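To start, the structure itself, in structure tokens.
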Amino acid sequence: MSEIVQDYIDDYIRGLIPPDSPEMEDFRRNAEKEEVPIIHREVQKHIEMLIGSNKIQSILEVGTAVGFSSSVFARAMGPAGQVDTIERNLNMVAQADENITALGLKNQISIMIGDAQEQLEELTKTYDMIFLDGAKGHYIHLLDHCLRCLKPGGLLVSDNVLYKGMIASDQLVIRRKITIVKRMRKYLEAISNHSQLVTSILPLGDGLAISWKKDE
Ligand SMILES: C[S@@+](CC[C@H](N)C(=O)[O-])C[C@H]1O[C@@H](n2cnc3c(N)ncnc32)[C@H](O)[C@@H]1O
């Protein structure tokens, strides 16, 4: 049970999503078998829609894992689209590199190895979209850098923002997750009230926040 919406709603929405290409279905199956936490199918579909409808051509991702979502993004943007993706776990980096190469996406995806905060501090590029999917307690610390690296009119997309329902209900909070929950609540308050952002929070997957950076 997702704790975000009732299972029958999740199942129904997922049932409407047509299968992906055989190689991406294999990729999803293998990641799920290894219990790598990749984007939910309905979140994938929502972001593909955002990429297409906003003509996104450059994406910065925090949290590569095995390279599943970065491959989804690269394919959704088409051959001219570029993804820079940050990962600190070297075992994940090696697997992502292998998967991205096998899919023929190496010229579209660049893995930046290291801690997100340190990588973002150095970054001078700007992007059409930033996807936050790293450690959930860190989003709040990355916000200023994300705003600096996001083009006016760009989208900041943050995954798992309802964190198994714990963000919205104290009754669901597990003791050892209290710090993450407090930080995520702070983050959601910050992006919801930020003067440069218009934010919508959706009960999709584990909770997805979409923030549009207003045009200057
Ligand atoms: C949920 S997984 C990413 C899944 C991936 N976006 C996908 O959907 O295919 C989170 C990843 O973020 C990485 N991560 C967490 N905190 C990080 C940080 N501060 N800097 C860099 N990588 C981080 C973890 O090692 C993990 O591989």
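Kyte-Doolittle cut-off -0.5, length cut-off 20 Å along the helix's own axis using Cα: show which whole DSSP H helices in the chain pass. Mind showing how you got there, number by number?
Values: long enough: 178-193 (23 Å, -0.09).
Those that pass (Cα extent of 20 Å or more, hydropathy at least -0.5) are 178-193.
Taking amide H atoms as placed 1.01 Å from N in the peptide plane, list the residues 5 or more away in sequence, or in a different chain, whose amide H sits under 5 Å from that of residue 202.
208, 209, 210
Among DSSP beta bridges whose residues both lie in the chain, state the antiparallel percentage, nearest 5. Write down the numbers at each step before the final one.
Details: 11 of 30 bridges.
Rounded to the nearest five, the antiparallel share is 35 percent.
For the peptides 204-215, 156-167, what is the packing order when you average, over each peptide's residues, the other Cβ atoms within 10 Å and list the highest mean first?
Values: 204-215: 19.8, 156-167: 22.9.
Those peptides, ordered most packed to least, come out 156-167, 204-215.
Taking Cα centroids, how far is region 85-99 from region 141-166 in Å?
Cα centroid of region 85-99 versus Cα centroid of region 141-166: 21 Å apart.
If you put +1 on each Lys and Arg Cβ and -1 on each Asp and Glu Cβ, how big is the dipole of the chain around its Cα centre, in Debye rounded to 20?
On the way: 24 positive and 31 negative charges, 114 e Å.
My answer is approximately 540 debye.
Please list, ordered by chain and number, the residues whose modelled amide H lies under 5 Å from the amide H of residue 127; skip anything fewer than 5 residues away on the same chain.
Amide H neighbours of residue 127, under 5 Å, 5+ apart: 150, 151.
Of 182/213; 106/186; 33/125; 33/214; 55/177, which pairs sit farther than 30 Å apart, going by alpha carbon to alpha carbon? Mind dumping the intermediate values first?
Working: 182/213 24 Å; 106/186 36 Å; 33/125 35 Å; 33/214 40 Å; 55/177 37 Å.
Too far apart for the 30 Å limit: 106/186; 33/125; 33/214; 55/177.
Express in whole angstrom the spacing between the alpha-carbon centres of region 14-63 and region 195-216.
19
Read the figures in this text as sums done on the coordinates, not as results from a lab. In this text, all values refer to a predicted model and were calculated from it rather than measured experimentally. Cβ atoms come from the backbone with ideal geometry, glycine included; neighbour counts cover every protein chain shown.
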